[in-house]
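Please read the structure below before turning to the comments.
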């Protein structure tokens, strides 16, 4: 582990660890996808399962390491970082990244493609906000979140299988069907080329990517905690700003790419899916690691959790009603996110004392 002895070293470690996490996540997902596809699994199902879970690894590991540090040191500030990173990432994904997508790519949507995902997203945010208001997240909310996770993964797989079967005029695509290899249908069943050298390469990339994410997450937590203590900023504020935005960079890169390619469904779907995974996996895992109910501070309960729920409602409810994403939603979300940052950074303690 890199010794963090002063503030400049901590800041350098903070920036480098974010870069390592982002690059490690990219390598990890690519290798995991290749290995899954070689086994004959359709790419749509790989994306709906392996990739969707793998892209939450940065947030998951950062929060998990924070929860572990809280258990081993007894320092409750690490719990603030753990919950703050998870919830802050969701708010950043919705209030900043999805806002950018809506501003540049507002347009019509198929309600059926978003209805269940939106309900699961808002439902998960509602569970966390409601139980967080009681001061802790215990067994019941964690079980509810895991149930939502299972529902989300089931919907992903069922939707992917349906698209595979309907990719050729509603007929099921077979591996030897020429239409199965048409990239236009998005349901490619053909296996990528595989040999011993490629297997060795991708297994190594998989391990290196996973190690990079784990190491980067560990250093990120330590350096962020050092910075917070050095400059007197609460760990929670660091978590919902620097950590949340840093671990959301993969979604930001995906969104910028989607904006350039004018692929709204790719961007919005990726963000909504990432938010569901963040909320329904990270909290239960952190609760399991800590070995007890996660305490929710007044700032988190009164600011962070309601903010994530409000952002989810503003982003999705009007779109479902109107059957389209509208540009004003993007500006509204961006304004709400800026207001959230101002409130959390400058008025958090005052609100908690009310």
Worksheet item: Just checking, which of 102, 120 is over 29 Å from residue 291 (Cβ atoms), touching a helix residue (DSSP H, G or I) at 6+ places or on another chain (Cβ under 6 Å) and in contact (Cβ under 8 Å) with a residue 40 or more places away in the chain?
Response: 102
Practice prompt. Could you pull out the residue among 214, 194, 224 that is in contact (Cβ under 8 Å) with a residue 60 or more places away in the chain, surrounded by fewer than 20 Cβ atoms within 10 Å (Cβ to Cβ), assigned to a helix (DSSP H, G or I) and in contact with a helix residue (DSSP H, G or I) (Cβ under 7 Å, 6 or more places away or on another chain)?
Written response: 214
Practice prompt. For region 315-335, name all the residues that are part of a helix (DSSP H, G or I) and surrounded by 18 or more Cβ atoms within 10 Å (Cβ to Cβ).
Written response: 315, 316, 319, 329, 330, 332, 333
Worksheet item: Restricting attention to region 127-147, which residues are under 17 Å from the mean Cα position of the chain (by Cα) and surrounded by fewer than 20 Cβ atoms within 10 Å (Cβ to Cβ)?
Response: 146
Worksheet, complete the sentence: The condition of being modelled with pLDDT under 85, surrounded by 22 or more Cβ atoms within 10 Å (Cβ to Cβ) and either farther than 29 Å from residue 112 by Cβ or touching a helix residue (DSSP H, G or I) at 6+ places or on another chain (Cβ under 8 Å) (or both) holds, among 267, 308, only for 267
Worksheet item: Pairs under 6 Å by beta carbon, first residue over 18 Å from residue 272 (Cβ atoms) in region 124-151, partner not in a helix (DSSP H, G or I), six or more apart or different chains?
Response: 131/137; 132/296; 135/296; 136/293; 136/295; 136/296; 137/294; 138/293
Response to the item:
Expected single match for in contact (Cβ under 8 Å) with a residue 12 or more places away in the chain, touching a helix residue (DSSP H, G or I) at 6+ places or on another chain (Cβ under 8 Å) and at positive phi among 301, 291 is 291
Discussion item. I'd like to verify a number: residues in region 101-121 that are part of a helix (DSSP H, G or I) and surrounded by fewer than 20 Cβ atoms within 10 Å (Cβ to Cβ), how many?
Written reply: 8
Practice prompt. Restrict the check to region 256-265 and report whether at least one residue is assigned to a loop (DSSP other than H, G, I, E, B), out of contact with any strand residue (DSSP E or B) (no Cβ under 6 Å at 6 or more places or on another chain) and within 23 Å of residue 53 (Cβ to Cβ).
Written response: yes
Discussion item. Take residue 223 and tell me if it is closer than 22 Å to residue 114 by Cα and either modelled with pLDDT of 80 or more or within 16 Å of the chain's Cα centre (by Cα) (or both).
Written reply: no
Worksheet item: When the residues of region 282-304 are filtered to those that are touching a strand residue (DSSP E or B) at 6+ places or on another chain (Cβ under 8 Å) and part of a loop (DSSP other than H, G, I, E, B), which remaining residue is modelled with the highest pLDDT?
Response: 296
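The values are calculated or read from the model by the stated rules, or taken from the named source; none is laboratory data. All values derive from a computational prediction rather than experimental measurement. Every residue, glycine among them, receives a Cβ derived from its backbone with ideal geometry; neighbour counts consider all protein chains shown.
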